[in-house]
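One structure below.
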Amino acid sequence: MASIKDVAAEAGVSVATVSRVLNDHPSVSTDARSRVLAAVKTLGYRPNAVARSLRTDQTRTLGLVISDVMNPYFTELARSVEEEARALGYSVIIGNADERPDLQDHHVRTLLDRRIDGLLLSPTDGGSPGMLDAALAGTPMVFVDRWIPGLDVPVVRADGRAAIRDLVAHLHGLGHRRLAIIAGPAATTTGSERVEAFREAMAEYGLPLPDAYIGQGDFQAESGRRATERFLSLPEPPEVVFAADNLMALGALDAIRARGMRVPEDIALAAFDDIPWFVHTDPPITAIAQPTGELGRAAVRALVDRIEGRPPQSVTLPARLVVRASCGEATATERSNP
């Protein structure tokens, strides 16, 4: 394997000149730069990333800690983060917190030990001690999807309030009046925000939201199944179950089918966080879609701005309602078009 000394000999320059070229230092002549780059290509030289990080205090590496790698939303988010980081000359190391604060802190500590340049986080359960310490210590950091109120950390997220209002309006227009929600953890901003937006939209249409129609979930499929079983056991079950994330929606669907019930004939189902296979379920599920790819790319750009000394900007993008057939849409169309 070629060394930096081999490159210097091939190019006819000093090792220091090679180092300056590789670190894009402006004090190198055009001729010397061309000879060094040609020698690098000829010899197939690859700089030692660890050694370079010790000299420059940068590793060109970002850390990403996601809440749940099994959730298709976070899988897509991680992909867009990796693609954008690569385009900007950075690598990404990913940690899966599995919705556990202790695992989140484990990944934060591990990533900081590896001397990453910055950290992207979707905080689980309202944060964790190690993550909070890293933020307060000034670690370059950006929150994506979820955030911790009161911390001076840029946030890149989707605003689902308008889309939830659109969903309630859509359900009301289909004739549904008894609407239930499976909420995410109250300690997370997405969990509390979505149930609050749903409550406000219900009030706007004069629809009650009794406590019995609010199920407490944890963004996992099993909690969606349990909450839906409880809804279906009520003396007056809801006409619609709205799950505040995709995995809880799949759990709700399991509970409905376990009862021998049909969607939407017996009960309607809608979800927050659209995923590709919702279009392939029977029936296709009406859902609120977040601009996941755009969020991941914007989060990387904000973090790189912070790392490279530019003022980072928080970004809020709108979510949107995707109407399919799980809430009685086809039946309503048949009624209006006999």
Subject >> Residue check, Ser19 under 45 Å from the mean Cα position of the chain (by Cα), over 24 Å from Thr59 (Cα atoms) and not in a loop (DSSP other than H, G, I, E, B) >> reply: no
Original post:
Got a number for residues in region 102-129 being open to solvent by less than 20 Å² (accessible area, probe 1.4 Å), small (Gly, Ala, Ser) and over 18 Å from Leu77 (Cα atoms)?
Top reply: 2
Original post:
Just checking, how many residues over region 281-309 are under 18 Å from Asp145 (Cβ atoms), out of contact with any Ser or Thr (no Cβ under 7 Å at 6 or more places or on another chain) and either open to solvent by 40 Å² or more (accessible area, probe 1.4 Å) or without any contact (Cβ under 8 Å) to a residue 12 or more places away in the chain (or both)?
Top reply: 3
**OP:** Please enumerate the residues belonging to region 141-173 that are open to solvent by 30 Å² or more (accessible area, probe 1.4 Å) and in a loop (DSSP other than H, G, I, E, B).
**Re:** Trp147, Pro149, Gly150, Leu151, Asp152
Original post:
What pairs can you find where one residue is in region 207-224 and free of Cβ contacts under 8 Å to residues at least 12 places away in the same chain and farther than 17 Å from Ile267 by Cβ, the other is in a helix (DSSP H, G or I) and open to solvent by less than 40 Å² (accessible area, probe 1.4 Å), and their Cβ atoms are less than 9 Å apart, with a gap of 6+ or different chains?
Top reply: Pro208/Met202
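The values are calculated or read from the model by the stated rules, or taken from the named source; none is laboratory data. Just so it is clear, the model here is predicted, and its values are computed rather than measured. Positions of Cβ are generated from backbone atoms using ideal geometry, with glycine treated the same way; all protein chains shown enter the neighbour counts. With ligands, DNA and RNA removed, areas are computed over all heavy atoms of the protein, side chains included. Shrake-Rupley method; radii C 1.70, N 1.55, O 1.52, S 1.80 Å.
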